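Read the figures in this text as sums done on the coordinates, not as results from a lab. Keep in mind the model is a prediction, meaning the values are calculated, not measured. Backbone-built Cβ (ideal geometry, glycine too); neighbour counts: all protein chains shown.
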């Protein structure tokens, strides 16, 4: 089941859901709107290799916005830091963003119970479009979990995205090949 606005607020009061910064005006009937942070990243190489660490360079979105172009992958980050200790969070793009041809994730829309961080966005566009830091970019939806979680994400031995960051985090797939 998906949490309603009242349930999200109750869970925030108990601390099982944390959203910082939080504003009541971004709380929908059954979701919370998140915003694009000021940092983007792009990979340094044109050809990426899953078995090695692919470096990125970071840059801030200028005040006048930034035009994104097709055929490039941009890593973005949410302005909001979140914690989810009892539910499964899903990040979906807002319909207004989709109607501009902006995709905010290719495959990574689901978080895990225990995820505590900002959300890295895998941004691609269908045609050139200007974006701005702070603009609404997605919405978080929270699902109830049936049963107890044995190991939350923050305590999972192989968790690759636990380090808190206000910048987007590049793929850590290469760590899967170290085992």
Contact order normalised by length for segment 18-157, with contacts defined as Cα pairs under 8 Å and 6 or more residues apart; what percent is it? 33 percent
Just to confirm my numbers, what's the Cα centroid distance between segment 38-82 and segment 101-167 in Å? 15 Å
Structure-based [θ]222 nm, the chain - -39500 (n - 2.57) summed over DSSP H runs of at least 4, per residue, nearest 500: -2000 deg cm²/dmol
Strictly greater than 12 Å: what percent of every Cα pair in segment 1-50 meets that? 72 percent
Given N residues in segment 1-93, what is Rg(Cα) / (2.2 N^0.38 Å)? 1.38
Going by average Cβ neighbours within 10 Å, how do the peptides 95-101, 164-170 rank, with the highest at the top? 164-170, 95-101
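Volume per residue, Å³, of the convex hull around the alpha-carbon atoms of the chain?
Enclosed volume per residue, from the Cα hull, is 122 Å³.
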Taking segment 78-138 on its own, what percent of its Cα-Cα pair distances exceed 19 Å? 32 percent
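How high is the relative contact order of segment 70-123? Use alpha-carbon pairs under 8 Å, at least six apart in sequence, and give a whole percent.
56 percent
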Percent of alpha carbon pairs in segment 43-111 separated by more than 14 Å? 74 percent
First obtain the Kirkwood hydrodynamic radius of segment 89-179 from its Cα pairs, then insert it into the Stokes-Einstein equation at 10 °C and 1.306 mPa s, and state the resulting D in µm² per second as a whole number. 105 µm²/s
